[in-house]
1. Measure out, as a whole number of angstrom, how far apart the alpha-carbon centroids of region 28-45 and region 69-103 sit.
2. I need the phi-derived Karplus couplings for region 144-157: 6.51 cos²θ - 1.76 cosθ + 1.60, θ = phi - 60°, integer Hz, Gly and Pro marked x.
3. Determine the equivalent ellipsoid of region 105-145 by diagonalising the alpha-carbon gyration tensor, then write out the semi-axes as square roots of 5 times the eigenvalues, largest first, rounded to whole Å.
4. Counting each DSSP H run of 4 or more residues in the chain as -39500 (n - 2.57), what helix-only mean residue ellipticity at 222 nm follows after dividing by all residues, to the nearest 500 deg cm²/dmol?
5. If you stretched the chain out fully between LEU104 and ASN158, how much longer would it get, using 0.36 nm times the residue separation minus the C-alpha to C-alpha distance?
6. Given Cα positions, please report Rg to Rh for region 51-95, the hydrodynamic radius being the Kirkwood one.
7. Taking only C-alpha pairs under 8 Å that are 6+ residues apart, what is the relative contact order of the chain in percent?
8. For the chain, take the longest principal axis of its alpha carbons; what is the angle in degrees between that and the long axis of helix 4-15, to the nearest 10 within 0 to 90?
Amino acid sequence: MMTVENTNEVHAGARDFVGYEYKNISVPSLDEGLYVDSYRSFGWSLESSEQDKLSNSVVLKFKRDRQIRNKAELSRLQRQFDSSALKIRALETAPESTARLLALCLGIIGCAFLAGATFSYMAGFIVAMVLLAIPGFLLWIVAYPVFVRTKASKTQKNAPQLDACFDAVYETSKQASQLL
């Protein structure tokens, strides 16, 4: 037979129950700190993080109280944060991608010139071989400096937009933390 004290303890335990919602997100390893710090502002607490061995990303596992106050507004701000964070990642990777593509195109065009030079040599056209080999080698040589210069130029061009996105992320996180 249960005593009155035990019954009260059972009911008190039921009132202390906290239901959680869970969220797993995969983010680039470089952005792990940004997501962990910012998601805390939206009421999430980090449970664990696991390095994905196949890609350069981390799986972050969060939880938060289902009965959190201002949940709709926090969700809206969180979507705004996610959008800004994706834009940050795109702005950070765009300069290198553009520069890499340009350098690769120069290298391929250089290969085409050298292929023409090779065929000219095999056909006995020495003058044509020299005329095709020179631009081929020049394109190979300038590919890396073009990569470096293009990457630096695009990085400098994207810097104001990147700063604006980081400001938006911090402002969104600040608004969310004030709602908690």
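Coordinate-derived values only; no laboratory data. Given the structure is predicted, the values throughout are model-derived calculations rather than measurements.
1. 13
2. Values, residue by residue: 5, x, 5, 4, 4, 5, 5, 4, 5, 5, 5, 5, 5, 5 Hz.
3. Equivalent ellipsoid of region 105-145: 20, 9, 5 Å, largest first.
4. That comes out to -26000 deg cm²/dmol.
5. 17.2 nm
6. Here the Rg-to-Rh quotient is 1.10.
7. 26
8. Taking the Cα atoms of the chain, the angle to 4-15 is about 30 degrees.
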